[in-house]
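Below: one structure, written as structure tokens.
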Amino acid sequence: MAANAMTETDYSEGHVARAIEQQTAKLPSDVFLWAAVGTISTSLTLQLMGRQHASLFVGQWAPTLLVLGLYNKIVKELGHDRNDVTA
């Protein structure tokens, strides 16, 4: 059991991930939620207008935005590379 345990210093974030996290940390987490609600509303409007393909295209953005919001929330709550001396 102990042989499989990893320390926090075994892996660290890359430069690109760190830069993205620093920028997205400035956004409130509910921005992603409201963006998802906006895409759902836009998708519904397009569906009612008879533009099914556009509606499906826009409607598929909502899950992506929600996952990005979840990632943003996790990074804010747990931090990243707490033991990283280069951060």
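I want to check the label-to-label distance for Gln52 and Ala19. Put each point 7 Å from Cα in the C-beta direction and report it in nm to one decimal.
With each label placed 7 Å out from Cα toward Cβ, I get 4.3 nm.
Students often check this: by mean Cβ neighbours within 10 Å, which of 27-37, 46-56 ranks highest, and how do the rest follow? If you can, show how the numbers build up before the last one.
On the way: 27-37: 15.1, 46-56: 12.5.
Highest mean packing first, the order is 27-37, 46-56.
Where a number appears in this text, it was derived from the coordinates with a stated rule and is not lab data. It should be emphasised that the depicted structure is a prediction, and the values quoted were computed from it without experimental measurement. Positions of Cβ are generated from backbone atoms using ideal geometry, with glycine treated the same way; all protein chains shown enter the neighbour counts.
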